[in-house]
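K.L.:
Below is a structure I'd like to ask you about.
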Amino acid sequence: MHIPENYLSPETCAVMGVIMLPIWYKAVKTVEVKVKEDKETIPMLGISTSLSFLIMMFNLPVPGGTTAHAVGAVLIAILLGGPWAATLSISIALAMQALLFGDGGILAFGANCFTMGVLMPFSGYAIFKLLRGKSQKHNTLASFLGGYFGINIAALGVAILLGIQPILFKDSSGNPLYNPYPLSVTIPMMGITHLIVGFVEGFFTAGVYQFVKRIQKPLDEFSERKPFWTRFKPLIILIVLLIILTPLGLLASGSAFAEWDVSEIFANLSKYHLTPAVPKGMTHGFSFSSLMTDYSISGLPDSVGYILSAVTAVLISFLLYRLLFGRRANK
């Protein structure tokens, strides 16, 4: 789901970044209002971003020898009462992934935020609102379907962004300059993959939603006497459990579709009956070295690197929201 560096043209990246600027502005302003109304929004943002970041570390094997992952954007929209908070949360998670861990392109940041932070939570939350009812069982189903269709709509957005590259950007010989896979490849591959992974996304969304609703009622009876951290201790425990389990994400072999490096691109072109030539824009494109590439730390086992990366991201999430909105919560 993460579009890497140089798969999109600089022009596409610039357009997507410009599109995201007013969306980010609206998201921040909307969250500011929520923070003023309820100061517990700040730690809930930290919890939500942490859950999304962690669930994206669990790579799942899918047919075709590739991998994929859930995102959690619809869950955040449901927990925080709207998709704007999810846009901000997912954007921050994606920023940490790109800058610190090399997961997703720096130039493609706007595109990744649009697909996972806009298309997914807005569409999934709309489905949830449309289908929810009075019973808890009804709402759990609505949350599952919101998560399922939300990630598939986001995957379609990624497929289109990738698939239009060989149409719009070619060299003098007519060969693709950036992503070489056309729409006839990207849409089926992203579609099949996420029709399967959508079940994981749906169950994660419904499971955490149901879990929160079960603990919320008895805890609300004591909301005036118990601090946030005590009332939401089960969610904190869930985050700690996910951190411990993150090395399971290393078990899935193979890379996600269209998240390959240059050598993998060349090896896969013939598989999709394309000319075996790496696009020039990808071989001579933008390069960025992150601090902990692929969630690894030099000299440490990969499993330890995964856990430390997860801890780092969770701590940054909570601290960042406190810095951004702490003063507004005290007004």
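The values are calculated or read from the model by the stated rules, or taken from the named source; none is laboratory data. Remember, predicted model here, so these are calculated numbers, not experimental data. Heads up, the Cβs are rebuilt from the backbone with ideal geometry, glycines too, and the neighbour counts pull from every protein chain shown. For the accessible areas, the whole protein counts, side chains as well, though only heavy atoms, and no ligand, DNA or RNA atoms are used. Shrake-Rupley method; radii C 1.70, N 1.55, O 1.52, S 1.80 Å.
K.L.:
So, Phe203, is that one out of contact with any strand residue (DSSP E or B) (no Cβ under 7 Å at 6 or more places or on another chain) and modelled with pLDDT of 85 or more or not?
P.N.:
So Phe203 passes the test.
K.L.:
Right, something else. Quick check, is Phe53 among the aromatic types (Phe, Trp, Tyr) and surrounded by fewer than 22 Cβ atoms within 10 Å (Cβ to Cβ)?
P.N.:
In short, no.
Per-residue answers, yes or no, for (1) at pLDDT below 95; (2) part of a helix (DSSP H, G or I); (3) within 21 Å of Gly150 (Cα to Cα):
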position: Glu11; (1), (2), (3): no, yes, no
position: Met16; (1), (2), (3): no, yes, yes
position: Leu21; (1), (2), (3): no, yes, no
position: Trp24; (1), (2), (3): no, yes, yes
position: Lys34; (1), (2), (3): yes, yes, no
position: Lys39; (1), (2), (3): yes, no, no
position: Pro43; (1), (2), (3): yes, yes, no
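K.L.:
Are any of the residues in region 65-87 part of a strand (DSSP E or B), out of contact with any Pro (no Cβ under 8 Å at 6 or more places or on another chain) and in contact (Cβ under 8 Å) with a residue 60 or more places away in the chain?
P.N.:
yes
K.L.:
Being outside any helix (DSSP H, G or I) and either closer than 19 Å to Ala86 by Cα or modelled with pLDDT of 95 or more (or both): is that true of Leu130 here?
P.N.:
no
K.L.:
Which residue is surrounded by the fewest Cβ atoms within 10 Å (Cβ to Cβ), if the candidates are limited to region 278-331 and must be under 21 Å from the mean Cα position of the chain (by Cα), in contact (Cβ under 8 Å) with a residue 24 or more places away in the chain and not in a helix (DSSP H, G or I)?
P.N.:
Ser289
K.L.:
Taking the criterion of being open to solvent by 50 Å² or more (accessible area, probe 1.4 Å), assigned to a helix (DSSP H, G or I) and under 19 Å from Ile90 (Cβ atoms), would at least one residue in region 138-154 satisfy it?
P.N.:
Yes, region 138-154 contains at least one residue that is open to solvent by 50 Å² or more (accessible area, probe 1.4 Å), assigned to a helix (DSSP H, G or I) and under 19 Å from Ile90 (Cβ atoms).
K.L.:
Quick test for you: out of Ala70, Ala93, Ala98, pick the one residue that is closer than 20 Å to Ala256 by Cα and touching an Asp or Glu at 6+ places or on another chain (Cβ under 8 Å).
P.N.:
Testing whether each residue is closer than 20 Å to Ala256 by Cα and touching an Asp or Glu at 6+ places or on another chain (Cβ under 8 Å) leaves just Ala70.
K.L.:
Go through region 103-115 and give me each residue that's open to solvent by 40 Å² or more (accessible area, probe 1.4 Å) and part of a loop (DSSP other than H, G, I, E, B).
P.N.:
Answer for region 103-115, where residues must be open to solvent by 40 Å² or more (accessible area, probe 1.4 Å) and part of a loop (DSSP other than H, G, I, E, B): Ile106, Leu107.
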